[in-house]
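Read through the structure below, which is laid out as structure tokens, and then see the notes.
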Amino acid sequence: MKIKKNYCGYFTIIGKTNTGKSTLLNKLVKKNISMVSNKKHTTRNTIIGVKTKKNKQKIFIDTPGINSEQKKMIDKIMNKNSIKTINNTDIIIFLLNKTQLDKNDLFIINKLKKIKKPIIIIINKIDKIKDKRKLLPYIKKISQHVNFQDIIPVSVKTGENINKLKKIINNNLSKKKHFFSYKYITNQSKNFLISEIIRKKIIFNLFKELPYSIHVELKHIIKKNNIYYIKCSIWVEKKSQKKIIIGRNGNLIKKIKIEAKKQINIFLNKEINLNLTVNVKKKWKNKYKLINKINLN
């Protein structure tokens, strides 16, 4: 009996904020494991998603958006973690959008020039490009800045050209043992995913830059009599932000709690008791001790 050889590959997904990295990861592994939002810096942690089918295993790594302007300590740490991940991958998937390169794209390209790894460039959100004739000169311009193995225009949102992208990914797998078991999907723990559900509900109920100032810390989770008792602390930087999240007569925090509770209930498939508090942690994004508590790696 002929034994099938295994194929495997690590693919790191990089790009500036809001290029669709997390949406792409979820689409490729067919699971919602990375939070998606139109707000900047939604992804803070390096998230692994694994798709194993028969003898092929694809390991995708979603990274925080790389920013050329690193104003806060948390920005510097997220940039460092994203670039460190690039060094330990087989293939780099570099996401771009629109039809022009901005300073953040060029900042990433300069980092890529120092790393000798094959690059697949994805021009995302082509559903928003009305004049598709702009794509060819854009591709030529990109080629002047960075050497790439493949380049493909896609719409992660609509699914356009995603199957072509999957073929490119499959063609870049190497003959080697699988790193993870067949059922393994993500490196994220149950506790992390619960806190991300709550953070997502906060982000979707807020506006402007405030979501970037928020962190959800899961204080404890206890299972008793088939009920999960969950207590979380929502970090903000200012008292004014705390007032916004709580809302008039506590209406907004109640709404966030109801929405989060519903989704966590589906996720755990158990009844839950959710307790949320809002705590001011002044300038936490600039304090290494507090950032380290988040465990961004």
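Here are Arg199, Arg133: which of them is loosely packed, with under 13 Cβ neighbours inside 10 Å, of a type in the set (D, E, K, R) and either assigned by TED's automatic domain parsing to the domain that holds Lys56 or in contact with a strand residue (DSSP E or B) (Cβ under 8 Å, 6 or more places away or on another chain) (or both)?
Residue meeting the stated conditions: Arg133.
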task: Report yes if Gly65 is modelled with pLDDT of 85 or more, within 18 Å of Glu196 (Cα to Cα) and not in a helix (DSSP H, G or I), otherwise no.
output: yes
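Out of Ile142, Ile197, Ile202, Ile222, which single residue is at pLDDT 90 or above, aliphatic (A, V, I, L, M), over 22 Å from Ile47 (Cα atoms) and in a helix (DSSP H, G or I)?
Ile142 is the lone residue from the list that is at pLDDT 90 or above, aliphatic (A, V, I, L, M), over 22 Å from Ile47 (Cα atoms) and in a helix (DSSP H, G or I).
Yes/no per residue for (1) surrounded by fewer than 16 Cβ atoms within 10 Å (Cβ to Cβ); (2) under 22 Å from Asp150 (Cα atoms):
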| site | (1), (2) |
| --- | --- |
| Lys58 | no, yes |
| Ile66 | no, yes |
| Lys84 | yes, no |
| Asp102 | yes, yes |
| Leu106 | yes, yes |
| Ile122 | no, yes |
Among the residues listed as Ile230, Ile234, Ile264, the single one being of a type in the set (Val, Ile, Thr) and in a helix (DSSP H, G or I): Ile264
message: With the requirement that a residue be more than 10 Å from the chain's Cα centre (by Cα) and either in a strand (DSSP E or B) or without any contact (Cβ under 8 Å) to a residue 24 or more places away in the chain (or both), what does the stretch 4-33 give you?
response: Tyr7, Cys8, Gly9, Tyr10, Phe11, Thr12, Lys30, Asn32
- line: Per the list (1) in contact with a His (Cβ under 7 Å, 6 or more places away or on another chain); (2) farther than 30 Å from Phe11 by Cα, residue check on Asn265 breaks on (1)
message: Looking at Lys116, Lys103, Lys111, Lys128 in this structure, which one is in contact (Cβ under 8 Å) with a residue 40 or more places away in the chain and either at negative phi or among the hydroxyl-bearing types (Ser, Thr, Tyr) (or both)?
response: Lys111
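Please tell me if Lys224 is farther than 30 Å from Lys283 by Cα and not assigned by TED's automatic domain parsing to the domain that holds Ile120.
So Lys224 passes the test.
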message: Among the residues that make up the stretch 278-288, is at least one of them within 17 Å of Arg199 (Cα to Cα), of a type in the set (D, E, K, R) and part of a loop (DSSP other than H, G, I, E, B)?
response: yes
query: Residues in the stretch 187-195: is at least one among the small types (Gly, Ala, Ser) and free of Cβ contacts under 8 Å to residues at least 40 places away in the same chain?
result: yes
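The values are calculated or read from the model by the stated rules, or taken from the named source; none is laboratory data. Computed from a prediction, not measured in an experiment: that's the story for all the values here. So basically every Cβ, Gly included, is an ideal-geometry build from the backbone, and we count neighbours across all protein chains shown.
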